[in-house]
Amino acid sequence: MLAVHLISFFFSKLKEDPTKKVDRFLHAMRLQDEQLVDISNRFLAEMKKGLSAESLAAAAVKMLPTHVRSTPDGSEKGQFVALDLGGSKFKVLRVKVREDEGINKGGVEMEEKTYPIPKELHEGRAVELFDHVSESLKDFLLEKNMSPEKKHPLAFTFSFPCEHPGLDQGLLLSWCKNYKVRGLQGKDVVQFLRQAIDRTGDMDVDVLAVVNDTVATMMTCGFDDQCCEVGLIIGTGTNACYMEELRHIDMVQGDEGRMCVNTEWGAFGDDGALHDFITDFDRDVDAASLNPGKQTFEKMVSGMYLGELVRLVVLKMAKLGLLFDGHVSDALRTKGKITTADVAAMEENGLKNTKEILTHLHLTPSPDDCVAVQHVSTIVSFRSSNLVAAGLVAILTRIRQNRNLRGLRITVGVDGTVYKTHPQYPKRLHKVVRRLLPDCHVRFVLSECGSSKGAALVAAVAQRLTSQRRKVRLLDFIRFRCQENREEGLEAGLKSKGCTIKMLPSFVYHTPDGTERGKYLALDLGGTNFRAMLVRFKRQKTRLYHKIYTIPLEIMQGTGEELFDHLAQCVCDFLDYMGLKNVRLPAGFTFSFPCQQSDIDTGTLVSWTKGFKATDCEGEDVVSMLREAIKRRNEFDLDIVALVNDTVGTMMSCAYEDPKCEVGMIAGTGSNLCYMEELRNIEKLEQSNKWGGLGNDRCLEDIITLYDVEVDIHSVNPGKQRFEKLTSGMYLGEIVRQVLLDLTRRGLLFKGHVTETLKTPGIFETKYLSQIESDHLALLQVRSILQQLGLHGTCDDSIIVKEVCGAVSRRAAQMCGAGMAAVVDKIREDRGLERLSITVGVDGALYKLHPHFSQVLKETVGVMAPQCDVTFMPSEEGSGKGAALIAAVVRQKLR
Ligand code: BG6
Ligand code: BG6
Ligand code: GLC
Ligand code: GLC
C-alpha cells in the first residue's frame, strides 16, 4: 500500500506541469481583472493630478500639453524632412504629403535612412549627439539630392518627455530609456538642433515642429482614420497620448476645443502609486538602469526591460534549483543577455527557439526547463500587455466621461517593436481592453509607416498656420516702421475676457417673419448723415421714402438740447414733406452709439463716439431726450417704440430678405457688429457687441502703431474706441495722413517737404483711400487726386501713397475679418455645429464704396473661420428699414 502511494507520489512529481511552479513563483506578476481595474483607477487619478494646476507639480504622470489641437483633416500638404530620435532606431526621412490627396487616399510618400548612433553618444554631451544628428541630416539631404539652397521644412519626432511652450519648442524634462546625455535637461531641443545645423553648415532647414512619438503615431493613424484620438507606443519605451478637452488642461489657456496631451505614463508609479504591484525583479531592473527610481511603469512594460526581467527571473529560479538542476552560467548572470526579441522568439515556434536561446547562454536545459522558461516569458510579456490595457482603459474611460458618452467608438494608433514583433502581444492587449470596456468599440491600428508621417502632418499644420498668419498680416505697412508684427495679439484680444468689448443687449428677440404690416417712421442718427424715413410694409412690397439731413459740426459738438432740437426740426420737416404731421406714427430710432438698454424703447448713452460730443447726453436716456425735444417743439407727436443700434437695424433689415441673417455689421464712419446670442449666454442680459471699444484696455497694444496713437490723441474721445480707430471710415484717412507725414519728415516722400496741407487734420478723408486704391486708376490720376489735396508729388510718390492707403485699409479689413471670424465661430461652437452657414448683413460707406475692403474682409473670415460659410449681404435701405421693422414687430406683439 505504501509502495503504491510512493509510486503515485513519484509520478505526480514527475508529471507536474513545469508551468505550475512558474505560476507559483511568479504569482505577483499574474494580474487578475480586479487588479487591472484597480490599476486603471489609480492611473485615472494620476491623470487628473497631472492636468490640474494645483497638483501638477507633485504629479508623477506629467500630462504634457502638446499644442496639437486636431487630428489630420486631409488638407495637410507639403514636402518635409523628418528626424526620428528616441526609439530603437534613429532615422532621417523625406515625407511628401501630396496636395488634395487627403484622408484615405494614401497621399504620402516616404523615403528613409537609419543612421546608427554610436554607444558613447547615448551618454555623452548634448552638443555631440546633436552634431551627429545634424550631420546625418546633411548626409541624407545630399544623398537625396535635396538642394542646400532651398529651405526644407523639418519635423522632429523626439521620443522623450518635453514641455512644449509652442509647436516648435520642446524643453526636455528628463532622459530615459537608453539615453542619458549631459547638458540638455531643461533646455529646448529645437534650439540645440538649430545650433547643430548651423555648425554643420550648408543646409537651409526650418524646424517647424517637435513632437513626441505617441503624438506622431496618433497623427499617422489619424490620417487614415479620423476616429484615431489616442496614440500608443509599446517599444523601447512605453507611452500614450490622447485628445483631451482644453477646458481640463489648466496649463493651457482657453476652454474650447481639444488638445493632444502626452501622458508620459512611463512615469506612473514613480511616487509609489504601484508599490503593491512591484516585484523584486522590477526593483533589480530599476537599480541597474540609467535612471533608477524613474519610469516605474515603463520598466514593467517596455521592450527595453522585458528581456532583462525574464533573465532575472530565470537566474533566480536557477539559483533556487528550480531550473537547470541549479546550474547557472556566466552568460545568464550578464545584464542584457536575454533581449526582448528573445522573449518574443521563445513564445513562438514550439520550444525550439527557447532551447536554442538557453543553449546559447551556455545552459543545458531539459525539455521541462524549456517549458518553464517559455512560461516565464509568457508571464512577463502578459503582465506588460495587461498593464498597458489598464492604462488604456483609464484613458478611454476619461475620454468617454469627458464627452458624456455611454459607449465610445474610438481608434488607437499603435507603434513600437514590442507591439509589432511579439506574436501574441496585440491579441492579448486588444482582448483585455475589450473585456474591461464592453461598451466601447475600440479599434487598434498599427502605424504602418512610423511616426514621421504624423510628425510631418503636424509640421504641415504648423506651416499652414504660419502662412495663414502671414496672409492675415495685419500690419503690412510695418515695413515703414520697425515694429514687430504680432497678429496673435488680436486673436488673444478678442478672446480675452478682460477686454473692453461691451456686449450690450438689444432686447430684440426675433428676426422678422414677413408678416409685418403698416406705416412706420424711422429716424437714423450716427452715420455720415441724419436720415428720416417712412416705411410702409404691405403684403406684396415695402415702400420707402426718405430725406437726408446733414448735422453741422457745431450741433454735433454743442449741447444735447441743441442736438435733439435739431433732430426734432428735421423730423418736423420730413413729416411736413410727407404730409403726415398730424398722425402719431409709431417710430423706430436708429441711434448708432453705444447705449445701455434696459428695454426696447429706452437706452442710456454710454459715451459718444465718432465725431459726436454734444454735452449733457452721456448717462441720459436718449429716447426721453428726443421725446422732450418733440414736446418742446409742440408741432407733431411720435410714438417711439424702439431704440436700435445701426448694426441691429442692418441685421433686421437683411433678415427680412434672408432668415439666415443673424449678424449685422457696420463698416462706415464707425465700426461695429451685433449678432443673435443664445439667451442663456447673456449674463444680466448684456448683449449687442460694441467692438469698436475693443482695445480701450490696451489689449490691442501689439497692433497699435505710433500713427494710431497720434490719431487717437487728437480725436474727440482719446483712449476710447481703439479698435474703431483702426478700422472705420472716420479714421482711416487720418491714419494715412499720419503715415505720409512721417514718411515726408524722413525725406522719403514729397522730397521731404512737409506742407501746411499735410499738417492739416482731416484733409485726407477716407473717400480718397477708396479712390486712390481703385484698380482702374492710373498713377497720373492718383497724382492728380493728391494735387487736388494740395500734395504735389512725383509718380513715385503716388506709388508710395497708394501702398500706404492699401496697407491701412487692408489692415482694417483684416481686423474686422478677424473679429467677424471670432463671432461666427463662437455662434457655431455655441450651437455645437461642425459647420455653420450664416448670413451677415453689412452696411457702411467703407464696406460699400472701398474697392477692396469687402473682398479682404471676406477672405480673412474664410481663412480664420474655416468651418463657417459666411454670406455677406449688403443692406439695401440702410438700418432705418430695420428700425422700422423692429418697431413693427414690437407693435404687433402689443396688439
Ligand atoms: C517608431 C517611431 O515608429 O516607433 C519612434 O518612429 C518610436 O520614434 C518607436 O520611438 C517606438 O518603437 P521602438 O520600438 O523603436 O522604440
Ligand atoms: C446706414 C445706417 O445704412 O449705415 C446708419 O442707416 C449707419 O445708421 C450707416 O450708421 C453706417 O454707414 P456710414 O458709412 O454712413 O457711417
Ligand atoms: C519614453 C519617453 C516617452 C516616449 C516613450 C516611447 O517613455 O519618455 O516620451 O513616448 O518612451 O518611445
Ligand atoms: C460706433 C458706435 C456704434 C455704431 C458704430 C457704427 O462704433 O459706437 O454704436 O454701431 O459706430 O456706426
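Annotations for the structure displayed:
- Long-range neighbours under 8 Å by Cβ, at least six apart or interchain, first residue free of Cβ contacts under 8 Å to residues at least 40 places away in the same chain within the stretch 144-167, second not hydroxyl-bearing (Ser, Thr, Tyr): PRO165/LEU171
- Residue match in the stretch 577-595 (condition: out of contact with any helix residue (DSSP H, G or I) (no Cβ under 8 Å at 6 or more places or on another chain), in contact (Cβ under 8 Å) with a residue 24 or more places away in the chain and of a type in the set (Gly, Ala, Ser)): no
- Residue in the stretch 172-181 that is outside any helix (DSSP H, G or I), closer than 25 Å to GLU76 by Cβ and not hydroxyl-bearing (Ser, Thr, Tyr) present: no
- Residues that are closer than 25 Å to VAL648 by Cβ, more than 31 Å from the chain's Cα centre (by Cα) and in a loop (DSSP other than H, G, I, E, B) do occur in the stretch 824-845.
- Qualifying residue in the stretch 353-361 (condition: modelled with pLDDT under 95 and either more than 26 Å from GLU34 (Cβ to Cβ) or assigned to a loop (DSSP other than H, G, I, E, B) (or both)): no
- Highlighted here are the helices (runs of 4 or more DSSP H) found entirely within the stretch 716-784 that include at least 2 residues which are open to solvent by 50 Å² or more (accessible area, probe 1.4 Å) and modelled with pLDDT of 85 or more: 729-745, 766-772.
- Just one of the numbered conditions (1) at pLDDT below 95; (2) open to solvent by 10 Å² or more (accessible area, probe 1.4 Å); (3) closer than 30 Å to GLY74 by Cα; (4) not β-branched (Val, Ile, Thr) is not true of PHE223: (2).
Conditions (1) touching a helix residue (DSSP H, G or I) at 6+ places or on another chain (Cβ under 6 Å); (2) in contact (Cβ under 8 Å) with a residue 12 or more places away in the chain; (3) open to solvent by 70 Å² or more (accessible area, probe 1.4 Å), marked per residue:
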| position | (1), (2), (3) |
| --- | --- |
| ASN291 | no, yes, no |
| GLY303 | yes, yes, no |
| LEU309 | yes, yes, no |
| LEU315 | yes, yes, no |
| ALA318 | yes, yes, no |
| VAL328 | yes, yes, no |
| LYS335 | no, yes, yes |
| VAL343 | yes, yes, no |
| GLU348 | no, yes, yes |
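- Of all residues in the stretch 650-682 being part of a helix (DSSP H, G or I) and aliphatic (A, V, I, L, M), the one that is modelled with the highest pLDDT: MET651
- Filtered residue count, the stretch 512-534, keeping only those that are within 16 Å of ligand 2 (Cβ to nearest atom) and either exposed (fewer than 13 other Cβ atoms within 10 Å of the Cβ) or closer than 20 Å to VAL623 by Cα (or both): 14
- When the stretch 340-352 is filtered for residues that are part of a loop (DSSP other than H, G, I, E, B) and either not polar (S, T, N, Q) or not assigned by the TED database to the domain that holds LYS420 (or both), the ones remaining, listed by number, are GLU347, GLU348, GLY350, LEU351.
- Residues in the stretch 148-169 that are surrounded by 20 or more Cβ atoms within 10 Å (Cβ to Cβ), at pLDDT below 95 and in a loop (DSSP other than H, G, I, E, B): HIS164, LEU167, ASP168.
Per-residue answers, yes or no, for (1) modelled with pLDDT of 95 or more; (2) more than 16 Å from ligand 3 (Cβ to nearest atom); (3) open to solvent by 50 Å² or more (accessible area, probe 1.4 Å):
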position: PHE80; (1), (2), (3): no, yes, no
position: VAL92; (1), (2), (3): yes, yes, no
position: ASP100; (1), (2), (3): no, yes, yes
position: ILE103; (1), (2), (3): no, yes, no
position: MET110; (1), (2), (3): no, yes, yes
position: TYR115; (1), (2), (3): yes, yes, no
position: HIS122; (1), (2), (3): yes, no, no
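- Candidates LYS826, LYS848 - the one that is within 16 Å of ligand 2 (Cβ to nearest atom) and either open to solvent by 10 Å² or more (accessible area, probe 1.4 Å) or charged (D, E, K, R) (or both): LYS848
- The stretch 596-648 - residue that is of a type in the set (Ser, Thr, Tyr) and more than 21 Å from LEU534 (Cα to Cα) and, of those, least open to solvent (accessible area, probe 1.4 Å): THR609
- Note on the stretch 68-86: among residues that are in contact with a strand residue (DSSP E or B) (Cβ under 8 Å, 6 or more places away or on another chain) and in a loop (DSSP other than H, G, I, E, B), the one that is farthest from ligand 2 (Cβ to nearest atom) is GLY86.
- Taking the criterion of being free of Cβ contacts under 8 Å to residues at least 60 places away in the same chain and out of contact with any Phe, Trp or Tyr (no Cβ under 6 Å at 6 or more places or on another chain), the residues of the stretch 606-628 that qualify are ALA614, THR615, ASP616, CYS617, GLU618, GLY619, ASP621, VAL623, SER624, ARG627.
- All told, GLU256 falls short of being in contact with a Lys or Arg (Cβ under 9 Å, 6 or more places away or on another chain), under 29 Å from LEU457 (Cα atoms), assigned to a strand (DSSP E or B) and open to solvent by 20 Å² or more (accessible area, probe 1.4 Å).
- Qualifying residue in the stretch 124-139 (condition: farther than 20 Å from VAL190 by Cα and either without any contact (Cβ under 8 Å) to a residue 40 or more places away in the chain or more than 16 Å from ligand 3 (Cβ to nearest atom) (or both)): no
- Matching option when the condition is more than 26 Å from SER88 (Cβ to Cβ), outside the structural domain of THR397 (by the TED database), more than 16 Å from ligand 4 (Cβ to nearest atom) and polar (S, T, N, Q), among GLN185, GLN195: GLN195
- Contacts under 8 angstrom Cβ, first residue in the stretch 514-537 being more than 20 Å from TYR577 (Cβ to Cβ) and within 13 Å of ligand 4 (Cβ to nearest atom), partner open to solvent by less than 30 Å² (accessible area, probe 1.4 Å) and basic (Lys, Arg), 6 or more apart: GLY526/LYS610
- When residues in the stretch 263-294 are screened for being closer than 21 Å to ASN41 by Cβ and not hydroxyl-bearing (Ser, Thr, Tyr), 16 of them pass.
- Qualifying residue in the stretch 688-705 (condition: open to solvent by less than 10 Å² (accessible area, probe 1.4 Å), modelled with pLDDT under 65 and hydroxyl-bearing (Ser, Thr, Tyr)): yes
- Test for THR238: is it open to solvent by less than 10 Å² (accessible area, probe 1.4 Å), more than 23 Å from LEU387 (Cα to Cα), touching a Ser or Thr at 6+ places or on another chain (Cβ under 6 Å) and within 14 Å of ligand 1 (Cβ to nearest atom): no
- Members of the stretch 234-265 found to be of a type in the set (S, T, N, Q) and in contact (Cβ under 8 Å) with a residue 24 or more places away in the chain, listed by number: THR236, THR238, ASN239, ASN262, THR263
The values are calculated or read from the model by the stated rules, or taken from the named source; none is laboratory data. Since this is a predicted model, take the numbers as computed values, not measurements. Note that each Cβ is placed from the backbone with ideal geometry, even for glycine, and that neighbours are counted across all protein chains shown. The area values use the complete protein model at the heavy-atom level, side chains included, leaving out ligands, DNA and RNA. Shrake-Rupley method; radii C 1.70, N 1.55, O 1.52, S 1.80 Å.
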